Amino acid sequence: MKWSWSIGEYAGIGVYIHATFLLLIAYVGISHIMGGDTVSGATGGILFVLALFACVLLHEFGHALAARRFGIKTRDITLLPIGGVARLERMPDDPRQELWVAVAGPLVNVAIAGVLFVWLFVSRALVPVQELTVAGGPFLERLLVVNVILVAFNMIPAFPMDGGRVVRALLAMRMEYTRATQIAANLGQGLAMLFGLVGLLSGQFMLLFIAFFVWIGAAQEASMVQMKSALGGIPVSRAMQTSFETVAPTDSLQKPVDLMLRGFQHDFPVLWGNELIGVLTRSDLIAGLTQRGPEATVQDVMRRDFSVADPLDMLESAFMRLQECQCHTLPVVRQGEVVGLLTSDNLGKFMMVQAALKARPSQAA
Ligand code: ZN
């Protein structure tokens, strides 16, 4: 993610913190001081926010480590002021696995809350919840309450919350995946409308904000799944681009620059003779021009680590691979020879044609 800084790697997963997160810390500090609080009061406020986000981070690791058990990698985890995001390479297809990945995050917060409760109970430090305020009361007890809130918030049964995935997974055990997603998405949008309405009537800005996120998240998930199901059972060869340019590893960067300006191609297969040895993406080309100039050769900046598709692969799995590699183009290779390119633009155009044909009134006599 742009504007993010690495704060280390744990269990092989890079953890990043978004720049706006520092704004939140500054905001908390300044609002304490402006409210007439002492410096130590402000420090306490900041420490509380940091502790809260440590709990959010552990929550995301809950998802990531559960996904790892099913062989799914996590690209990275980023902390934003509104929470954490663990970018899994994909979601498991098996609903039972998705259920585990989804509940693993909130379970971490349940565990933290449980440990804090036992500790506070044993040390007789519990005070009645009514006596707690945002900044007042024992630090650990406020942290306990916040973890309970995190669980409740994340289990709201709507995408993009964990609760939405739980609902979808439970439905998908009984019905077809696309239908389960549609129902879960409708439920999410219904809830979003309810939150929005309550937010408007009560003037609670936060609820409006949540309503907005839930609405978008539900719509995205539904369209993603529809796309996947529309692509099922169709081979890559039906949608791939068959007229394309290639470059050689020894070409200077000027050649792909000319090709890119002249045509529409984003990324270029790099061929050594007939053999595909790399992919030159537009972003690598541009970065290479900045760092090494137009005289550098293609092999200096190309990717040697890339995914390919077979013309007989199904579009659905090729689409998932495009998502996983976060690349724009998959070279399509048959018997060692590049026979086409599958790009996300292609897939979009193919979907448009499919939809147009479907919408056509039936021609049967
Ligand atoms: Zn979560």
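Quick notes on this structure:
- Packing-based ranking, highest mean first, of 313-323, 45-55, 264-274 given that Cβ atoms within 10 Å are counted: 313-323, 264-274, 45-55
- Computed over segment 1-155, the P(r) curve from all C-alpha pair distances, binned at 10 Å from the origin, holds 10, 33, 34, 18, 4, 0 percent per bin.
- The accessible surface of segment 236-355, taken with every protein chain in place and a 1.4 Å probe, is 50 percent carbon and sulfur.
- Folded to 0 to 90 degrees: helix 39-69 orientation relative to the chain principal axis, Cα: 50
- Working from the Cα coordinates of segment 98-219, the gyration tensor eigenvalues give, after taking √(5λ), semi-axes of 32, 20, 8 Å in decreasing order.
- Computed about the Cα centre, the dipole magnitude for the chain is approximately 680 debye when only Lys and Arg (+1) and Asp and Glu (-1) carry charge, each at its Cβ.
- Cα gyration tensor shape for segment 265-311, rounded if a/c is under 1.5, else prolate or oblate: prolate
- Cysteines of the chain lacking any other cysteine Cβ under 4.7 Å from their own Cβ: C55.
- Potential extension, L22-R96 segment - 0.36 nm per residue separation minus Cα distance: 22.9 nm
- Cα-Cα separations in the chain greater than 36 Å, expressed as whole percent: 39
- In segment 212-365, a dipole from Cβ-located charges (positive for Lys and Arg, negative for Asp and Glu) runs towards its positive end, and of A248, P361, L312 it is P361 whose Cα lies farthest in that direction.
- Heavy atoms of the protein chains alone define the surface here; on that basis the chain has 55 Å² accessible area per residue at 1.4 Å probe size.
- Cα pair distances in segment 161-231, grouped into 10 Å bins until the bin that holds the longest one, percent each: 22, 45, 24, 8, 0
- Of the beta bridges in the chain, as assigned by DSSP with both residues counted there, near 80 percent are antiparallel.
- Average projection area in nm² (convex hull over Cα atoms of segment 236-355, one quarter of hull surface): 7.2
- Summarising the label geometry, the points placed 7 Å from Cα in the beta-carbon direction at A219 and I7 lie 3.2 nm from one another.
- Evaluated at q = 0.18 Å⁻¹, a Debye calculation over the C-alpha positions of segment 1-89 (equal weights, vacuum) places log10 I(q)/I(0) at -0.78.
- Size-normalised alpha-carbon gyration radius of segment 37-78, reference 2.2 N^0.38 Å: 1.70
- Entry note, the chain: relative contact order of 10 percent, from Cα contacts under 8 Å with a spacing of 6+ residues.
- Assigned charges on the beta-carbon of Lys, Arg, Asp, Glu; segment 1-77 dipole about Cα centre (debye): 360
- Across the accessible surface of segment 19-166, with the other protein chains kept in place and a 1.4 Å probe, carbon and sulfur atoms take up 72 percent.
- Reciprocal of mean inverse Cα separation for segment 169-281 (Kirkwood radius, Å): 18.5
The values are calculated or read from the model by the stated rules, or taken from the named source; none is laboratory data. Values in this document were obtained by computation on a predicted structure and should not be read as measured data. Note that we place each Cβ from the backbone using ideal geometry, even for glycine, and neighbour counts take in every protein chain shown. All accessible areas refer to the heavy atoms of the entire protein, side chains included, with ligands and DNA or RNA removed. Shrake-Rupley method; radii C 1.70, N 1.55, O 1.52, S 1.80 Å.
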